[in-house]
Amino acid sequence: MKLEFKSVLPFPLQDYHHAEESVWKKGFALNFPSRVMLNASSGKGKSTFVNTVYGVRFDYDGTVLLDDKDIRQFSLHDWIELRKKSISVVFQDLQLFGELTAWENLQIKNKLTAHKTDDEIMLMLEKLGIPDKKNQTCKTLSLGQQQRVAIIRSLLQPYELLLLDEPFSHLDEQNSAIALDLISTETTKNNGGFILTSLGSKHGFEFDAELKL
Amino acid sequence: MFRNSTNFQFVFATAGALVGLTALLLSFNLMLDVRSFHSSEKELFGPNSVVIQKKVTKLTTIGMNNTEFTPEDIEMLRSKEFITDVAPFQSADFKVGISEVPGDGLPHFYADMFFQAIPDRFMDVDVDWSWNENSEYIPIVLPRDFIMIINYGFAQSQGINQISEELLMAARLTIHIDGNGKKTTMIGRVVGFSQKISSILVPESFLHYANGIYSNGNIINPSRVFITTKDDSYGELEELMDEMNLDISQASIDVAKIKTIITVVIGIFGVAALLIMLLSLMGFVQYSQLMLSKVSYEIRTLIRIGYSVKSIVMTFIIQMIVIFGIITVCSIVIMMIVNVLVVNVWLDENGIHLEKSGMGPSVILAVLCFGLFIGSNFLSVRKTIFKLGKSS
């Protein structure tokens, strides 16, 4: 999968001064599978970047191309198909169902894709250290625990590109490294890639490329 | 996900739909019943056939105008939209007298008479009405009032015996015919009495035959005409009466009036029921919109993690189908119960016997309403979810 930005500039960021190397100015083209780090301080538009690529917001000038196709031309149906089979995401605000348990939140996704068995999902929960939170409603979990549920949910589908919007902001370095390891393993299985936005920490990981905002 | 969605609006919409649908089905059923006695042979009020004639006025008496219907008048009646059938009375163009057949039990009498004929389809008495040249006798139908006048007026004042209907029908009559320079006598027999037509009727076939032989050659325009009107056309009939200065028997007008009133009343009930239905439909659409806006975050998130609009719409619609399915079934059951326990009992107590038209059409109407509810909710829900998806 090829992702390309051509003179993309979101409306809310038009009045800011952007550095020369910022993707908002010079654009970029990436081929996946590759593991990409998107590094920027607060307010530079990391979430805007993720939401734009995921087809959630369209308030920008310029063109975003996915496999050489303008994503503005995609229908809602096209997006839904992409989100089921090709692009996955961990939103910064996670977007879990607070009324449902952690397990139900994961099942809602896996029922749609049938990507993993219950045992495999259980193994993921264990690996991230929250197997005991399985039957707790998400609104009662801590932010760090919710982040881990959201990460697992994003892995319950095939993908060529996984968008991770500050997924470790409430995790310590050790847990972040474990989570990143899980993500990396799954990405390899999917023969896909990911873009991870971060405030600067590389979590001790070797990335193929780095973007700046 | 859509748990905890019960609220007042839902209760009101459900109650409204239940009341509205039940009322609609009931009035529809009643309307069908009323229709069925409109159209059946043995009707409660008789068909919408009335005899019209022009009013006799002072001018008529001194010969300044006449009460005949000219061919133009007839054509005008035929062109009226609410009149479905027009048949002028035909008159005998010869002199008629009747007397008893000696030995048949009637006292000796002789009376001048007249004969008229109407098409068979307008006959309101069920008698053997066929006649040909080889027939033993000419069937005659008298107005029922005629025998009343004889028995309770004429017979008493003249001191002669009263005659029962059975006797009159059993006795033969001698018919004296005089016209076109020829005279003859034939045998006739009273075969029935008409409630509606105040004339002395013989079969059309006889009148044709007799006019052919004994006619004096006059062209007689009919002075009375039979018309059949559509249901609920009382207003137009009244207008026509004024326009052509017509006389119509009050009884037949009353029937037209009653029919019109009944149909209008049931119609109003039906319209009211329809309005309740539509209101509750709007209530349901509003309710589903409210529900959607309450769970808009969930819907948006489902679309973001790859759920199709269709599958989310279906989840909603299946709920709607269950809710409204229950309402529809309840409505049908309530309608049946009310029909059997209230309407039928009430009709029986008031001595009205209707040919029940069955529940089939009402059930079909209920299913149609069900479809309408689901369809309109489906469209509304899909539109909203699509909008939510687009904005995600």
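The values are calculated or read from the model by the stated rules, or taken from the named source; none is laboratory data. Source: prediction; values computed, not measured. In this analysis, Cβ positions are derived from the backbone assuming ideal geometry, glycine residues included, and neighbour counts consider all displayed protein chains. Heavy atoms of the whole protein, side chains included, go into the accessibility calculation; ligands, DNA and RNA do not. Shrake-Rupley method; radii C 1.70, N 1.55, O 1.52, S 1.80 Å.
Structure summary
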read-out	value
Filtered residues of the range B:235-258 (kept if part of a helix (DSSP H, G or I), in contact with a Ser or Thr (Cβ under 9 Å, 6 or more places away or on another chain) and modelled with pLDDT under 75)	B:S252, B:A256
Condition met for B:G375 (within 24 Å of B:G16 (Cβ to Cβ) and surrounded by fewer than 17 Cβ atoms within 10 Å (Cβ to Cβ))	yes
The range B:136-159: number of residues that are surrounded by 15 or more Cβ atoms within 10 Å (Cβ to Cβ) and in contact with a Ser or Thr (Cβ under 9 Å, 6 or more places away or on another chain)	8
Any chance A:K2 is touching a residue at least 60 places away in the same chain (Cβ under 8 Å) and surrounded by fewer than 16 Cβ atoms within 10 Å (Cβ to Cβ)	yes
Residue check, A:K109 among the basic types (K, R), within 10 Å of chain B (Cβ to nearest Cβ) and under 18 Å from A:F194 (Cβ atoms)	yes
Condition check for A:T140: more than 12 Å from every other protein chain (Cβ to nearest Cβ) and more than 19 Å from B:Y307 (Cβ to Cβ)	yes
Verdict on B:V322 being β-branched (V, I, T) and out of contact with any Gly (no Cβ under 6 Å at 6 or more places or on another chain)	yes
Test: B:I213 is in contact (Cβ under 8 Å) with a residue 12 or more places away in the chain and either open to solvent by 60 Å² or more (accessible area, probe 1.4 Å) or in contact with a Phe, Trp or Tyr (Cβ under 6 Å, 6 or more places away or on another chain) (or both)	no
Given (1) buried (at least 18 other Cβ atoms within 10 Å of the Cβ); (2) modelled with pLDDT under 65, number of the condition B:L24 does not satisfy	(2)
Criterion (open to solvent by less than 10 Å² (accessible area, probe 1.4 Å), at pLDDT below 85 and not hydrophobic (A, V, I, L, M, F, W, C)) met by exactly one of B:S357, B:S288	B:S288
Pairs where the first residue, in the range B:300-315, is within 9 Å of another protein chain (Cβ to nearest Cβ) and the second is small (G, A, S) and in a helix (DSSP H, G or I), C-beta under 8 Å, 6+ apart	B:R300/B:G389; B:I303/B:G389; B:V309/B:G389
Residues within the range A:47-72 that are within 14 Å of another protein chain (Cβ to nearest Cβ), open to solvent by 10 Å² or more (accessible area, probe 1.4 Å) and in a helix (DSSP H, G or I), tallied	3
Flag if A:D165 is open to solvent by less than 10 Å² (accessible area, probe 1.4 Å), closer than 19 Å to A:S34 by Cβ and acidic (D, E)	yes
Options A:I152, A:I121: the member that is under 15 Å from A:S88 (Cα atoms) and part of a helix (DSSP H, G or I)	A:I152
Counted residues, the range B:216-230 - those being under 25 Å from the mean Cα position of the chain (by Cα) and crowded, with 17+ Cβ neighbours inside 10 Å	5
Matching residues in the range A:115-126 - criterion: being over 17 Å from A:Q146 (Cα atoms) and either open to solvent by less than 70 Å² (accessible area, probe 1.4 Å) or within 12 Å of another protein chain (Cβ to nearest Cβ) (or both)	A:H115, A:K116
Output for the range A:73-106, where each listed residue is open to solvent by 50 Å² or more (accessible area, probe 1.4 Å), part of a helix (DSSP H, G or I) and more than 9 Å from chain B (Cβ to nearest Cβ)	A:Q73, A:D78, A:E104
